[in-house]
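The values are calculated or read from the model by the stated rules, or taken from the named source; none is laboratory data. All values reported here derive from a predicted model rather than from experimental measurement. Every residue, glycine among them, receives a Cβ derived from its backbone with ideal geometry; neighbour counts consider all protein chains shown. These area figures cover heavy atoms from the full protein model, side chains too; ligands, DNA and RNA do not enter into them. Shrake-Rupley method; radii C 1.70, N 1.55, O 1.52, S 1.80 Å.
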Protein chains: 2
Amino acid sequence: MVKKKKEQTTEQVILEAAKKVFVVKGMAGARMQDIADEAGINKALLHYYFRNKEKLFEVIFMQAAAELFPKINKIFDADQPLFEKIESFCEEYIGVVMGSPYLPLFVINEINQDPEYFLKKVWSGKSKPNPAKFLEQIEQEVKKGTIKRVNPLHLLMNLLSMTIFPFVAKPMFQKNLGISEAQFREAMEQRKKEIPKFIIDAIKK
Amino acid sequence: MVKKKKEQTTEQVILEAAKKVFVVKGMAGARMQDIADEAGINKALLHYYFRNKEKLFEVIFMQAAAELFPKINKIFDADQPLFEKIESFCEEYIGVVMGSPYLPLFVINEINQDPEYFLKKVWSGKSKPNPAKFLEQIEQEVKKGTIKRVNPLHLLMNLLSMTIFPFVAKPMFQKNLGISEAQFREAMEQRKKEIPKFIIDAIKK
DNA sequence: ACTTTTGTTAACCATTTGGTTAAATCGTAT
DNA sequence: ATACGATTTAACCAAATGGTTAACAAAAGT
């Protein structure tokens, strides 16, 4: 479990290890000793760098949130036609999440554990996703008559669901459908194009 | 926290309390003392009825799985035209989950924690979902030319994603979009019709 | 009536776990 | 070399937590 490249600072090694453990086990299930072991260091050293479990968790959680949410904003707020926006969202977002497939479930899970904390800590002003513009854009297209009369909220939910859920339910899908790691990756790769096609087919007139 | 109707047996009271606590906190986060308190009993009595935490958890988890999975089977295996099947799946499944909105995340989460255990314990023969028939049916429709050339796997994923994910990400959606409990319920009620319409629009020729 | 079984409790125990301490070691500037 | 702060460790501590024990009460047989 230990790999200590001399190029990395101890703090980086700890953060990597903590991320690995927290993301898989969650705040409640993670053990400080496990993180120390994973980092190849002493437990006391862990507390030397990060005063306590909560502090360490906060860093990891914020890091994870920062990896997932701002991306959404940038795409939704972009100045782009609706269909292109949907395409680039799927392309980029699936790309990001394929790099860390366990992040979405981790974040969703911890939000569920304490939604208020999340609201305050993560979205205190800056990176708060603002889907209003995207919803507005959908409504515009409806009025222009370029797409069917769809409820923007449901369209947004559909887009996010189809993009994110397969990663959240990954082990379930794999065990149930007998899908290997490679096959899963391939399927997700396909979904970058499949989802936009599916959505556009559903809403275009 | 305590409500002890004399009609209920102690075991039932314990199971209800355990479900409440486990579903919200997860196996790792749940405390036996919390469950005892919630049930209004002594911690020792908890161990009298269920030898240990693992055993109690197993009962709750199996119960939760039994509440979620067999439903899927019955609908997917039914003898019904594809479009109707999609409609009745959304209608019934959203109905079920609205009754216990936290179950899906709980189950998904614990499956993630140990996929092998899940495979053995929950799907040992009987209630194992078998989407093969549903996938086959889609392929038939494609060959008949009644729907577009869609990849059945992706269609299945899309259906499940759109149906289940909003419940999994419920607090996130609520906090982000400023949706009240009532509004959420209303939106989910709409989705019973919205999702089938969306899917059918996407795939019908 | 009384004996046995079942249900329930308070007090206790052992282990796990987050966190601390004081001493040792390493790097670097003087 | 040596002084000194930053880093690292082994040993320790206190609280939390899962689980047990022994005594007691309530039902159920007899």
### Query
Conditions: (1) within 12 Å of DNA strand C (Cβ to nearest atom); (2) modelled with pLDDT under 95; (3) open to solvent by less than 80 Å² (accessible area, probe 1.4 Å). B:ILE14 meets all but one. Number of the miss?
(2)
### Task
Kindly indicate whether any position in the stretch B:1-19 is part of a helix (DSSP H, G or I) and within 14 Å of chain A (Cβ to nearest Cβ).
no
## Note on the structure
By residue number, the members of the stretch A:156-188 that are free of Cβ contacts under 8 Å to residues at least 12 places away in the same chain, more than 8 Å from chain B (Cβ to nearest Cβ) and closer than 15 Å to A:GLU91 by Cα are A:GLU186
### Task
Any residue in the stretch B:28-56 that's within 22 Å of B:ASN112 (Cα to Cα): show its pairings with residues that are within 13 Å of DNA strand C (Cβ to nearest atom) and of a type in the set (Lys, Arg) at Cβ separation under 9 Å, as long as the two are six or more apart or on different chains.
B:ALA28/A:LYS25; B:ALA30/B:LYS53
### Query
Can you name the number of the only condition in (1) at pLDDT 95 or above; (2) in contact with an Asp or Glu (Cβ under 9 Å, 6 or more places away or on another chain); (3) in the same structural domain as A:THR163 (by TED's automatic domain parsing) that A:TYR117 fails?
(1)
### Query
Would the stretch A:63-70 turn up any residue that is among the polar types (S, T, N, Q), away from DNA strand C (no atom under 16 Å from the Cβ), assigned to a helix (DSSP H, G or I) and away from chain B (no Cβ under 13 Å)?
yes
### Query
In the stretch B:70-94, which residue that is at pLDDT 90 or above and under 11 Å from the mean Cα position of the chain (by Cα) is farthest from B:ILE138 (Cα to Cα)?
B:ILE94
### Query
Among the residues of the stretch B:95-144 satisfying the criterion of being of a type in the set (A, V, I, L, M) and under 23 Å from A:GLN113 (Cα atoms), which is farthest from the other protein chains (Cβ to nearest Cβ)?
B:VAL96
### Task
Check whether at least one residue in the stretch A:49-58 is within 28 Å of A:LEU160 (Cα to Cα) and either among the polar types (S, T, N, Q) or open to solvent by less than 30 Å² (accessible area, probe 1.4 Å) (or both), and report yes or no.
yes
### Task
Pull up the stretch A:134-158, narrow it to residues that are polar (S, T, N, Q) and under 21 Å from B:GLN190 (Cα atoms), then point me to the one that is surrounded by the most Cβ atoms within 10 Å (Cβ to Cβ).
A:ASN158
### Query
Being over 19 Å from the mean Cα position of the chain (by Cα) and either of a type in the set (A, V, I, L, M) or assigned by TED's automatic domain parsing to the domain that holds B:TYR102 (or both), is that true of even one residue in the stretch B:157-171?
no
### Message
Please go through (1) assigned to a loop (DSSP other than H, G, I, E, B); (2) within 12 Å of DNA strand D (Cβ to nearest atom) for A:HIS47 and return the number of the only condition it doesn't satisfy.
### Response
(1)
### Task
Please tell me if B:GLU91 is within 16 Å of DNA strand C (Cβ to nearest atom) and among the acidic types (Asp, Glu).
no
#### Entry: Single condition B:ALA36 does not satisfy, out of (1) within 30 Å of A:LEU177 (Cβ to Cβ); (2) within 13 Å of DNA strand D (Cβ to nearest atom)
(1)
#### Entry: When residues of the stretch A:33-44 are limited to those that are open to solvent by 20 Å² or more (accessible area, probe 1.4 Å), part of a helix (DSSP H, G or I) and away from chain B (no Cβ under 14 Å), the one farthest from DNA strand C (Cβ to nearest atom)
A:GLU38
